[in-house]
2 protein chains.
Amino acid sequence: MSKTLTTRNEDYAQWYNDLILKSGLADYSAVRGCMVIKPHGYALWENMRDVLDKMFKDTGHQNAYFPLFVPKSLFEAEEKNAEGFAKECAVVTHYRLKTDPNNKGKLIVDPEAKLEEELVVRPTSEAIIWNTYKGWIQSYRDLPLLINQWANVVRWEMRTRLFLRTAEFLWQEGHTAHATKEEAIIETKKMLDVYATFAEEYMAMPVIKGVKTANERFAGAEDTYCIEALMQDGKALQAGTSHFLGQNFAKAFDVKFMDKANKQEYVWATSWGVSTRLIGALVMAHSDDSGLILPPKLAPIQVVIIPIYKGDDTRSLINDKCANIIQQMQAKGIRVKLDADDSTRSGWKFAEYELKGVPVRIALGARDIENNKAEVARRDTKEKTSLPLDNLCEQIIDLLADIQTNIYNRALQFRDEHITPANTMDELIAILDGKAGFVSAHWDGTSETEEKIKELTKATIRCIPINNVEEAGTCILTGKPSIQRVLFARAY
Amino acid sequence: MSKTLTTRNEDYAQWYNDLILKSGLADYSAVRGCMVIKPHGYALWENMRDVLDKMFKDTGHQNAYFPLFVPKSLFEAEEKNAEGFAKECAVVTHYRLKTDPNNKGKLIVDPEAKLEEELVVRPTSEAIIWNTYKGWIQSYRDLPLLINQWANVVRWEMRTRLFLRTAEFLWQEGHTAHATKEEAIIETKKMLDVYATFAEEYMAMPVIKGVKTANERFAGAEDTYCIEALMQDGKALQAGTSHFLGQNFAKAFDVKFMDKANKQEYVWATSWGVSTRLIGALVMAHSDDSGLILPPKLAPIQVVIIPIYKGDDTRSLINDKCANIIQQMQAKGIRVKLDADDSTRSGWKFAEYELKGVPVRIALGARDIENNKAEVARRDTKEKTSLPLDNLCEQIIDLLADIQTNIYNRALQFRDEHITPANTMDELIAILDGKAGFVSAHWDGTSETEEKIKELTKATIRCIPINNVEEAGTCILTGKPSIQRVLFARAY
């Protein structure tokens, strides 16, 4: 397979697919809409998971694990949630295969092993979890219940794209239960903040925190909060959501608690999740035509060291120096890899690690050692510098921090340059078809208008930003009064 | 719910179920045969996973993730594997639900959304993985391919038990590809050693390494290696397996590589796995009638500190001292919890942490501080001692190590006392019905004899121990010549 990527200018969508496949993040599979997450992609996901998991635990959450399957009768209990997901459910109907009597060596579904009740493969776990919570919650002493689950879920999407939209994906889903509405809303916002912090500080990806309109709300939620990011092609991407579920699931599953005044009350709920979709976001936020650009805080390999051998006499000198540097770096917690493979040329290796997004590359030859220097290349700007070998480790730590900051600032500048006000439909369309990005415009607050604008422009309201400035105006479609601008964009 | 357990003598199976439920490891779910892993159980699994994951990575493996679903045509490609799992497969046949026209608010499977090809929910992933490997392996340079996956799998078991046998369970499955048979066999044995080390050094559970007979072999394997543990009721439990798969999957999925001599050869394979079943093993290996006994190396909480308040004047003195001890312990990496909840009595707390298996409990009151002492109770022996507060942290570290060693030795002694030779069928039956445990006996090496013994005694051959001593003898059932004793037991 050629390692050359389609460029972003040529075909952004093709560039993305090429990059995912060629950098070794993922591969297609034999199952429609499902992908294989390859070792490089999975290592990235593990780093993301570990950071998020610590943030969840630091905010008082515990992990648990609930069944993959949801019996249909539970699935349909919360009507809006069921209605929202019914069209994309994989359904298990049988529990056995048998030998095909007409076709040696083949199997058929055994018609005698039909389930009495069909099982839905979880598209999200509110139903199975709230059915369980019913047994766990009796009194205010059992609240708040703060649980998270790392799991796979399945949504039978018609059009899929690697990481961004796959039939099966990996995610975490938090499901919390509270005694009061206020407490549940605080939790919803707290977890949105956790997501925003993670996106900005670890993924180096600026996000806008906001609230979804009714059209874009999670099925079964009272309010959906979201973080929205901007990709390099000017399309928005929903990177995480946190839902205030009110008492909808408590009522559907009859989950009540005895409050301090000995009164039975329904429990208040939240749920929140991010998924392997974040990997797609990360790729599209930073990468270039040479390959991935990964933020140092999440990169599976932060530094690669490539010895440059010229003749056998200096080989052990170089190897010793490399070993020495690696030891020092590992002691400082740097994820460093040595690539001393003789069977490939250095130039090939340089391109390979650029493709894989390794933030820092160090090349070290005999001449470098003689001069007490190393050639250091940073992936984000492709700048090469010669750094003194003394204190190399400390300099690399600073460089990694600088790369993290730089790619965040670059993405932030791009994002900020791509929030454009529009005061008419013509302006909205011109921006969407031109520079793209977020468009800040007045909207009359109705679902009908939003739907109509979507039909006309393929743009949706990504969110109503939190702490939005109130500004009297008129809806760009209907001319009706509006109290604030909202953010439109075409989105992934 | 009462916290009192059925005792092991009264009813061992009921004791086990009570313990799992009341200690908060797991709960039943609304899905037949599936369980909910509760926070305490999941924290234990996370600790087990993290240790194993590091051991896998230290032996050169990388993690990846493959689809949950296996198209039926791939599933049936390796015939023996397919035959072995066909009877316990959950099968997805449809991808959509729709509103029931005859029943408002209810959903039915949409008959128009029938899949062209049914999807099997993975009972194990050889098929989907080897179908993928076909695209990843061309040359000897691509080998060995050393990949592990952490995932959920589904096997539709008719009789289920919490952790030990559930329809869905969590596990890891390693799948490796090699250029030579020898290398694959070395890998198979290496991973068996990893499992044995993990079981003995972390779970404090002695195991016997061995090879399975043909009857007990993994469907599709040439050889299945296993570790077998002994539970306190004298029943054996298979705790992990490592399979040499020969070229069976390479042939079924046509995975060939170009060797150094430019010749096309089929690839050699292994697979190996352990699951949440290990939690069941851990519980049954060590626990007692008061609750769980967890090995310190895996316990989610290693030390619990319970302040004993008597009057308000010494409260802050006690709190300061507790905070000080906790800080010191956390700095040393001890997983410590403070339980200063005023609303429950100390006696209740003591029982609760015994039930949850916390290895060390420290109670600290004003009088203790005055005497510069703390009351320390160890869970394994229930001994209480008064330890000086100076260097308490170091003493606790030693105590945790001592507990780890003690529960291993206790289990080892029990295991070793329960390997009994038998030279006749009558002896075999008498042992199985009496002291139980492993029975070492001669067997003629045929599947028929093994099957017949199983029918007569409900015991199976757990394994032929690795490095078994050869000893001429006669089969206890048929009287035919035998070259070695094998280990029989009734098993979970």
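Numbers for the structure displayed
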| read-out | value |
| --- | --- |
| Residues of region B:101-116 classified as of a type in the set (D, E, K, R) and at the interface with chain A (Cβ under 9 Å from one of its Cβ atoms), total | 2 |
| Restricting region B:272-299 to residues that are crowded, with 24+ Cβ neighbours inside 10 Å and assigned to a strand (DSSP E or B), the residue that is farthest from the chain's Cα centre (by Cα) | B:Trp272 |
| From the options A:Glu112, A:Glu88, A:Glu118, residue that is in contact with a helix residue (DSSP H, G or I) (Cβ under 8 Å, 6 or more places away or on another chain) and in the same structural domain as A:Val153 (by TED's automatic domain parsing) | A:Glu118 |
| Qualifying residue in region A:42-60 (condition: away from every other protein chain (no Cβ under 11 Å), at pLDDT below 95 and buried (at least 20 other Cβ atoms within 10 Å of the Cβ)) | no |
| Some residue of region B:22-39 being at the interface with chain A (Cβ under 9 Å from one of its Cβ atoms), among the polar types (S, T, N, Q) and under 18 Å from A:Glu126 (Cα atoms) | yes |
| Candidates A:Leu400, A:Leu432, filtered to the one that is farther than 17 Å from A:Cys463 by Cβ, in contact (Cβ under 8 Å) with a residue 40 or more places away in the chain and of a type in the set (A, V, I, L, M, F, W, C) | A:Leu400 |
| Residue in region B:480-489 that is surrounded by fewer than 18 Cβ atoms within 10 Å (Cβ to Cβ), out of contact with any Lys or Arg (no Cβ under 8 Å at 6 or more places or on another chain) and without any contact (Cβ under 8 Å) to a residue 12 or more places away in the chain present | no |
| Filtered residues of region B:326-369 (kept if hydroxyl-bearing (Ser, Thr, Tyr) and surrounded by fewer than 18 Cβ atoms within 10 Å (Cβ to Cβ)) | B:Ser343, B:Thr344, B:Ser346 |
| Test for A:Ala214: is it of a type outside the set (S, T, N, Q) and in contact with a strand residue (DSSP E or B) (Cβ under 7 Å, 6 or more places away or on another chain) | no |
| Entirely in region A:370-463, the strands (runs of 3 or more DSSP E) that have 2 or more residues that are surrounded by fewer than 15 Cβ atoms within 10 Å (Cβ to Cβ) and in the same structural domain as A:Ile318 (by TED's automatic domain parsing) | A:384-388 |
| Cβ pairs under 8 Å, 6+ apart, first in region B:370-397 and over 18 Å from B:Glu354 (Cβ atoms), second loosely packed, with under 12 Cβ neighbours inside 10 Å and among the acidic types (Asp, Glu) | B:Asn372/B:Asp390 |
| Check on B:Asn409, within 21 Å of B:Lys235 (Cα to Cα), of a type outside the set (Ser, Thr, Tyr) and without any contact (Cβ under 8 Å) to a residue 40 or more places away in the chain | yes |
| Identity of the residue in region B:117-138, within 8 Å of chain A (Cβ to nearest Cβ) and within 25 Å of the chain's Cα centre (by Cα), that ends up farthest from A:Glu79 (Cα to Cα) | B:Ile128 |
| Enumeration of residues in region A:455-467 that are more than 12 Å from A:Ala422 (Cβ to Cβ) and in contact (Cβ under 8 Å) with a residue 24 or more places away in the chain | A:Leu456, A:Lys458, A:Thr460, A:Ile461, A:Arg462, A:Cys463, A:Ile464, A:Pro465, A:Ile466 |
| Pick from region A:302-325, criterion part of a helix (DSSP H, G or I) and surrounded by 17 or more Cβ atoms within 10 Å (Cβ to Cβ), ranking: farthest from the chain's Cα centre (by Cα) | A:Ile318 |
| Residue under evaluation A:Met158, criteria (1) under 16 Å from A:Thr59 (Cβ atoms); (2) within 14 Å of another protein chain (Cβ to nearest Cβ); (3) surrounded by fewer than 18 Cβ atoms within 10 Å (Cβ to Cβ), criterion not met | (1) |
| Of residues in region A:227-267 being within 15 Å of the chain's Cα centre (by Cα) and aliphatic (A, V, I, L, M), the one nearest to A:Arg8 (Cα to Cα) | A:Met231 |
| Given (1) within 10 Å of chain A (Cβ to nearest Cβ); (2) closer than 30 Å to B:Asp27 by Cβ; (3) assigned to a helix (DSSP H, G or I), number of the condition B:Arg141 does not satisfy | (2) |
| Test result for B:Phe75, of a type in the set (Phe, Trp, Tyr) and facing another protein chain (nearest Cβ under 8 Å) | yes |
| Single residue of A:Ala250, A:Ala239 found to be outside any helix (DSSP H, G or I), buried (at least 18 other Cβ atoms within 10 Å of the Cβ) and not hydroxyl-bearing (Ser, Thr, Tyr) | A:Ala239 |
| Pick from region B:78-94, criterion more than 8 Å from chain A (Cβ to nearest Cβ) and surrounded by 21 or more Cβ atoms within 10 Å (Cβ to Cβ), ranking: farthest from B:Ala167 (Cα to Cα) | B:Glu78 |
| Per-region count, region A:150-202, residues of a type in the set (S, T, N, Q), in a helix (DSSP H, G or I) and touching a helix residue (DSSP H, G or I) at 6+ places or on another chain (Cβ under 9 Å) | 1 |
| A:Tyr65 vs. criteria over 30 Å from B:Asp50 (Cα atoms), touching a helix residue (DSSP H, G or I) at 6+ places or on another chain (Cβ under 6 Å), facing another protein chain (nearest Cβ under 7 Å) and of a type in the set (Ser, Thr, Tyr) | no |
| Residue, nearest to B:Met284 (Cα to Cα), within region B:162-220, restricted to residues that are surrounded by fewer than 22 Cβ atoms within 10 Å (Cβ to Cβ) and basic (Lys, Arg) | B:Arg165 |
| Any hit, region A:469-476, residues being part of a helix (DSSP H, G or I) and surrounded by 21 or more Cβ atoms within 10 Å (Cβ to Cβ) | no |
| Every pair of residues 6+ apart whose Cβ atoms lie under 7 Å, when the first sits in region B:99-113 and is more than 16 Å from A:Lys80 (Cα to Cα) while the second is of a type in the set (A, V, I, L, M, F, W, C) and in a strand (DSSP E or B) | B:Val109/A:Val91; B:Val109/B:Leu97; B:Asp110/B:Leu97 |
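Here is a yes/no grid of residues against (1) outside the structural domain of B:Ile431 (by TED's automatic domain parsing); (2) modelled with pLDDT under 95; (3) basic (Lys, Arg):
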residue	(1), (2), (3)
B:Ala196	yes, no, no
B:Met203	yes, no, no
B:Glu216	yes, yes, no
B:Ala229	yes, no, no
B:Asp233	yes, no, no
B:Met258	yes, no, no
B:Lys263	yes, no, yes
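The values are calculated or read from the model by the stated rules, or taken from the named source; none is laboratory data. This one's a predicted model, so the numbers in the text were calculated from it and none came from an experiment. Positions of Cβ are generated from backbone atoms using ideal geometry, with glycine treated the same way; all protein chains shown enter the neighbour counts.
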